[in-house]
Amino acid sequence: MEGRIKNAVKDYFPIIIMAVCIAAGAAAVISGKITVEGVYRYIMQNKAEAAAILLGLYALKSVTVVIYYSLLVALSGFVFDLPVALLINSAGTVICLTISYFIGYKIKSENLLKKLGKHPKVKKYFDKCETNSFLVSYILHALGLSTEVLGLVFGFLKMPYIKYLVSSFIAIAPGMVCVTIFGKELDITSPAFWAAVAVEATVIITAYIYSKKKLLVKKG
C-alpha cells in the first residue's frame with residue numbers, strides 16, 4: 001500500500017507542482033498584486049530571466065503532459081527575436097528529450113509497460129525498435145506522438161543517446177520552426193509561416209506513409 005502511494009505521488013508530482021503554481025498565480029492576479037500588463041512588462045524588460053524560466057518549463061514538460069510544448073515554443077517566438085527564440089526552443093527541446101530519455105534509461109520494465117498500455121499508438125511500434133531504432137524514433141516524433149513516452153521507451157531500450165537525440169530532434173525541428181515563426185508573426189498570412197507549415201506537413205505525411213508501408217506491414 002505504501003509503495004502504491006509513493007508511486008502515485010511520483011507519477012503526479014509534476015502535475016501537483018503545476019497546480020500549485022497556477023493556483024498561486026491566479027490568487028496573485030485576483031488579489032491585484034500582479035497584473036497581466038505588469039507580467040508582460042517584466043518579461044520584456046528581463047529577457048534573461050524569461051529565457052531561464054522557459055528552459056525550466058521545458059524541463060518540467062519532459063516529465064508531464066500538462067505543459068503544452070507548442071505553447072512554450074510560440075511564447076518564445078513572441079518574446080524573443082527569431083534567431084534567439086529558435087536557439088532557446090532548440091535548447092529547450094534538447095532538454096525535454098534528454099530528461100525523459102534518461103528517466104527511461106533507469107525505469108523498471110513493469111513501469112514502462114504500464115505507460116505503454118496508455119499509449120497504444122506507441123506500443124504497436126515497440127517490436128520494431130530493436131532493428132530500426134533510428135527510423136522508428138524519427139517517424140514517431142514526426143507523427144507528433146508523446147515525447148515523454150517516446151523518451152521513456154527509447155531510453156529503456158538503451159538506444160544510444162546521440163542517435164536518439166539526432167533522430168528525434170530532426171523530426172521535431174520543422175514543427176518547432178513553424179510554431180516559433182507563428183509566435184513571432186502572429187499572422188497566418190506570413191509567407192515564412194506557410195513555408196514552415198509546408199515543410200512540417202511534408203515531414204508528417206512522409207512519416208505516416210512510410211510507417212504504414214514499411215514498419216507496420218504484417219508478415220505472412
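Within region 47-91, list the chymotrypsin sites (Phe, Trp or Tyr not before Pro) lying in a DSSP loop whose Cβ has at most 15 other Cβ atoms in a 10 Å radius.
Tyr68
Ser90 to Ile205: FRET efficiency via 1/(1 + (r/R0)^6), r the Cβ-Cβ distance, R0 30 Å, to the nearest 0.05? All intermediate terms of the calculation are to be shown ahead of the outcome.
Numbers: r = 24 Å, r/R0 = 0.79.
So the FRET efficiency works out to roughly 0.80.
Calculate, in nm to one decimal, what Phe102 and Ala52 gain on full extension: separation in residues at 0.36 nm each, minus their alpha carbon distance. Could you put the intermediate results ahead of the total?
Numbers: separation 50, 0.36 × 50 = 18.00 nm, distance 2.17 nm.
Going from the current span to full extension adds 15.8 nm.
Set the Förster distance to 30 Å, then compute FRET efficiency between Ile170 and Tyr68 from the Cβ-Cβ distance, nearest 0.05.
Values: r = 22 Å, r/R0 = 0.73.
Calculated value: 0.85.
Note the full-extension length gain between Ala195 and Phe78 as 0.36 nm times their separation in residues minus their Cα-Cα distance, in nm to one decimal. List each step's numbers first, then the result.
Values: separation 117, 0.36 × 117 = 42.12 nm, distance 1.87 nm.
That pair, Ala195 and Phe78, stretches by 40.3 nm at full extension.
Mind scanning Lys47/Lys184; Lys106/Lys163; Lys61/Lys163 and naming the pairs with a C-alpha gap bigger than 20 Å?
Over 20 Å apart, Cα to Cα: Lys61/Lys163.
Where a number appears in this text, it was derived from the coordinates with a stated rule and is not lab data. Quick caveat: nothing in here was measured; it's all calculated off a predicted structure. Glycine gets a Cβ as well: all are built from the backbone with ideal geometry, and neighbour counts include every protein chain shown.
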